[in-house]
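Undergrad: I'd like to ask you about the structure that follows.
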Amino acid sequence: MVDRTMESPTVTEGPPLPRSFYDRPTLQVARDLLGCLLVHEPPGDAPTAGMIVEVEAYCGERDLAAHSAGGRRTARNEVMYGPPGHAYVYFTYGMHHCVNVVTRAAGVAEAILLRAALPTDGIARMRERRGLDESAPAHRLARGPGNLCRAFGIDRGANGADLVESALTIRRGRRVPPALVRRAPRIGIDYAGAYVSRPWRFLVADEPAVSARRA
DNA sequence: ATTTAGATCCTCT
DNA sequence: GAGGATCTAAATG
């Protein structure tokens, strides 16, 4: 019997998702990421893990909200153009890191932003990184893309990391039934014209770890 | 409940 | 030089 009350790591919940998982239509991958387990095991640091509960799909060069919009290929978004199953990490607003999962074959610049997770392991370490005390509930620690990165200790050092085989992986977690999946427009992309209202944000209904604007 | 301002720096024009 | 796939606290209705 596993004792979860002491935050014992459950990082061994199955192997990382195979690369083929990421080499599928991006909206399908986005939906399927809900319920999966994000695991970070930095060398010499405590492992952390949590269940993904909110994501946003960014669908390639046609998507005016994506960093790859219009085919702008730069040093920053280079990883988006690479093979599937890698992490695209960028820094924004002078403060926050955001982590994405790259989908589709090399040359196709699509990715999924991880917006929120419900921490399951390493919760004490996440509180430390967030600068919060014991009173902070787990569901607040990785709510919002910037907070998620901070709680998990993800920064640009993880840019390009192979999610199939590195310190940063995604594993099979809990199956989220279709009735609990909500779709909504993406956050903070007012500049994206016709793409502003695309329902490419996926989240788990009634999940307190989901960021501010619920569906 | 909703709005506002401020922190703060990398990236691209 | 401008603006951004953000977050929080504080002010306001």
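Undergrad: Please report, in debye to the nearest 20, how large the charge dipole of chain A is about its Cα centre when each Lys and Arg carries +1 at its beta carbon and each Asp and Glu carries -1 there.
TA: On the way: 29 positive and 23 negative charges, 143 e Å.
Rounded to the nearest 20 debye, it is 680 debye.
Undergrad: Then there's this: Stokes-Einstein D for region A:33-99 at 10 °C, 1.306 mPa s, Kirkwood Rh over Cα pairs, in µm²/s? List each step's numbers first, then the result.
TA: Details: Rh = 14.0 Å.
In µm²/s, the coefficient rounds to 113.
Undergrad: Can you tell me what percent of all Cα-Cα pairs in region A:122-163 are more than 11 Å apart?
TA: 62
Undergrad: Once a ≥ b ≥ c are taken as the square roots of the eigenvalues of the Cα gyration tensor of region A:131-215, is the result rounded (a/c under 1.5), prolate (a/b larger than b/c) or oblate (a/b not larger than b/c)?
TA: rounded
Undergrad: With point charges of +1 on the Cβ of Lys and Arg and -1 on the Cβ of Asp and Glu, referenced to the Cα centre of chain A, which listed residue (A:Ala111, A:Gly50, A:Val79) lies farthest in the positive direction of the dipole?
TA: The one lying farthest along the dipole's positive direction is A:Ala111.
Undergrad: For each of A:Glu134, A:Glu56, A:Glu78, A:Glu41, count neighbouring Cβ atoms within 10 Å of the residue's Cβ, then give the residues from fewest to most.
TA: Listed from fewest to most nearby Cβ atoms, that is A:Glu134, A:Glu78, A:Glu41, A:Glu56.
Undergrad: Here is a further query. Count the net charge of all other residues whose Cβ sits under 11 Å from the Cβ of A:Ala65, scoring Lys and Arg as +1 and Asp and Glu as -1.
TA: With Lys, Arg at +1 and Asp, Glu at -1, the net is +1.
Undergrad: Treat every Asp and Glu Cβ in region A:114-169 as -1 and every Lys and Arg Cβ as +1, leave all other atoms uncharged, and give the resulting dipole magnitude about the Cα centre to the nearest 20 debye.
TA: Details: 9 positive and 7 negative charges, 60 e Å.
Dipole size: approximately 280 debye.
Undergrad: Separate question: Add +1 for every Lys or Arg and -1 for every Asp or Glu among the other residues with Cβ under 9 Å from the Cβ of A:Glu13, and state the total. List each step's numbers first, then the result.
TA: Values: positive: A:Arg171, A:Arg172; negative: none.
That works out to +2.
Undergrad: For A:His97, A:His67, which order do you get if you count the other beta carbons within 10 Å of each Cβ and list the fewest first?
TA: If I rank by nearby Cβ atoms, fewest first, I get A:His67, A:His97.
Undergrad: Oh, and also: Please compute the alpha carbon radius of gyration of chain A, then divide it by the globular-protein estimate 2.2 N^0.38 Å. Two decimals is fine.
TA: 0.95
Undergrad: In addition: So what does log10 I(q)/I(0) come out to for region A:61-108 at q = 0.19, 0.25 Å⁻¹, using the Debye formula with one equal point on every Cα and no solvent?
TA: Log10 I(q)/I(0), no solvent term: -0.60, -0.99.
Undergrad: Looking at region A:74-151 from every direction and averaging, what is the projected area of its Cα convex hull in nm²?
TA: Over all viewing directions, region A:74-151 projects a mean Cα-hull area of 5.6 nm².
Undergrad: Ignoring chymotrypsin sites (Phe, Trp or Tyr not before Pro) that are buried or in helix or strand per DSSP, and keeping those with at most 16 other beta carbon atoms within 10 Å, what is the longest stretch of chain A between them?
TA: A:94-190
Undergrad: If R₀ is 30 angstrom, what is the calculated FRET efficiency for the pair A:Ser197 and A:Glu13, using the beta carbon separation as r and rounding to 0.05? List each step's numbers first, then the result.
TA: Details: r = 36 Å, r/R0 = 1.21.
So the FRET efficiency works out to roughly 0.25.
Undergrad: Where is the GNM fluctuation largest for chain A (alpha-carbon springs, 10 angstrom cutoff): A:Asp32, A:Asp121, A:Asp133?
TA: The residue that fluctuates most here is A:Asp133.
Undergrad: Let me ask something additional. Can you sort A:Ile189, A:Ile52 by how many other beta carbons sit within 10 Å, fewest first?
TA: A:Ile189, A:Ile52
Where a number appears in this text, it was derived from the coordinates with a stated rule and is not lab data. Quantities reported herein were computed from a predicted structural model and do not represent experimental measurements. Every residue, glycine among them, receives a Cβ derived from its backbone with ideal geometry; neighbour counts consider all protein chains shown.
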